[in-house]
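We did not get these values from a lab; they are worked out from the coordinates using the rules stated. Because the structure is predicted, anything quoted here is derived from the model rather than measured. Ideal geometry is used to build each Cβ from the backbone, glycine not excepted, and the neighbour counts take in all protein chains shown.
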Amino acid sequence: MVTEENKSIFQNKILAWFVSEKRDFPWRQDLNPYKVLIAEKLLQQTQVNENVIRAYKQLLKKYPSPTDLAEADIADVEVIIRPLGFIYRARELCKMAQELVKIHNGQVPNELRKLLDLTGIGDYCARAVLSFSFDKDVPIVDTNVARFLYRLYEIPGPFPSNPARKKSLIELAGNLVPIGNSRNYNLAILDLCSKICKPTNPNCLNCPVQDFCKYGTKQIVKKNISP
Ligand code: SF4
């Protein structure tokens, strides 16, 4: 279990794992906040795949700044978004860009409240921008991170329908974020959830934080005693 005393060891294990195991995506090569907003919007309710990567590149090539996207014809943006589904995101992206231009002088704000006020930007997305682009000490929580926390602490009770907005989970996740290194830590947790702590059959034996995890410890003991 993670405690105040061993928390830094837990954080270091995650960060050390990340050095060799991190995933590489085009949106991780440039953490400009506008680009992170675009990437996170495309990843809403969507698995990473070739279509997302193509749409990300096309959008930024055609609309390299909020000002460009604010002036876009929605039908053109829809053409780019269509292969991903959830086409309403084209309209939301254009509206968000218009708000950035009108209210924030074409810049992405670095405050949670202001990000949440933008069209189509929820808690997860706003915190991702604050952490990845501005390196603010904030946690990010989506369904995968919430599952990781539920396993780590064996949190009782039903799984929340909207974990990104559950205050107790955000506080719990926030307590684990290393001061001054939220960007790498949060990216590492996302990658850990994708590669090791998967929705089904988590790979506890190869997990860097198995010693801290209540669920994982039990799984490993079970495997060791089963014939
Ligand atoms: Fe997930 Fe298993 Fe690691 Fe726990 S030990 S965090 S359940 S992979």
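Each Lys or Arg adds one and each Asp or Glu takes one away; over the other residues whose Cβ falls under 12 Å from the Cβ of Pro208, this sums to -1. Note on the chain: helix-only mean residue ellipticity at 222 nm, from DSSP H runs of 4+ residues weighted -39500 (n - 2.57) and normalised by residue number, equals -16500 deg cm²/dmol. In summary, the lysines within cross-link reach of Lys222, defined as a Cα separation below 16 angstrom excluding same-chain residues under 8 places away, comprise Lys214.
Taking the chain as a Gaussian network of alpha-carbon nodes connected by springs under 10 Å, the highest mean-square fluctuation of the residues Ile170, Ile103, Ile140 belongs to Ile103. The long axis of helix 33-43 is offset from the longest Cα principal axis of the chain by roughly 70 degrees.
In the range 5-65, what is the count of Lys pairs whose alpha carbons are under 14 Å apart, counting only pairs at least 8 residues apart or on separate chains? Number of lysine pairs found: 5. Here the dipole of the range 58-194 is about 200 debye; that uses its Cα centre as origin and unit charges on the Cβ of Lys and Arg (positive) and Asp and Glu (negative). Taking the C-alpha atoms only, the angle from helix 167-176 to the longest principal axis of the chain is near 70 degrees. The equivalent ellipsoid of the range 74-227 has semi-axes of 35, 18, 13 Å, largest first, where each one is the square root of 5 times an eigenvalue of the Cα gyration tensor. Projecting label points 7 angstrom from Cα along Cα→Cβ for Thr119 and Arg54 puts them 2.6 nm apart. Using a Gaussian network model of the chain whose springs link C-alpha atoms within less than 10 Å, name the residue from Ser65, Ser133, Ser20 with the highest mean-square fluctuation. Among Ser65, Ser133, Ser20, the largest GNM mean-square fluctuation belongs to Ser20.
The C-alpha atoms of the chain define a longest principal axis, and helix 182-195 lies at about 70 degrees to it.
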